[in-house]
Amino acid sequence: MNAIISRTLIELLVSVELSDEESVSVEASASFAEDAATSLGALPDAERAELISIITQMGEEAQDEDRRQVLLDLPEGLGLTE
């Protein structure tokens, strides 16, 4: 799995999640997350585990508490832990 692409996708999803409704509608945010979850759900187990590890590391490194919490909740929210 390409770590740069993974981190970029995760940063995009987190930024959308943290955006206010004036910037990104709730419907658009939900659609982005659902589309990502569907695509990422097709990852083989080893790549899924690697992505979860990248997300967890990003959460641990995050300085902003809101960003940290979104990152730590993201694997479950994307259905990666099921």
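The values are calculated or read from the model by the stated rules, or taken from the named source; none is laboratory data. Computed from a prediction, not measured in an experiment: that's the story for all the values here. As a convention, Cβ positions derive from the backbone with ideal geometry for all residues, glycine included, and neighbour counts pool all protein chains shown.
Quick notes on this one:
- Selection over region 6-34 of residues that are modelled with pLDDT under 95, among the small types (G, A, S) and surrounded by 15 or more Cβ atoms within 10 Å (Cβ to Cβ) gives a count of 2.
- Conditions (1) more than 11 Å from the chain's Cα centre (by Cα); (2) outside any loop (DSSP other than H, G, I, E, B); (3) touching a residue at least 24 places away in the same chain (Cβ under 8 Å); number of the one not met by L71: (1)
- Test: L80 is without any contact (Cβ under 8 Å) to a residue 60 or more places away in the chain, surrounded by 12 or more Cβ atoms within 10 Å (Cβ to Cβ), not small (G, A, S) and not in a helix (DSSP H, G or I): yes
- All told, S23 meets the bar of being small (G, A, S) and outside any helix (DSSP H, G or I).
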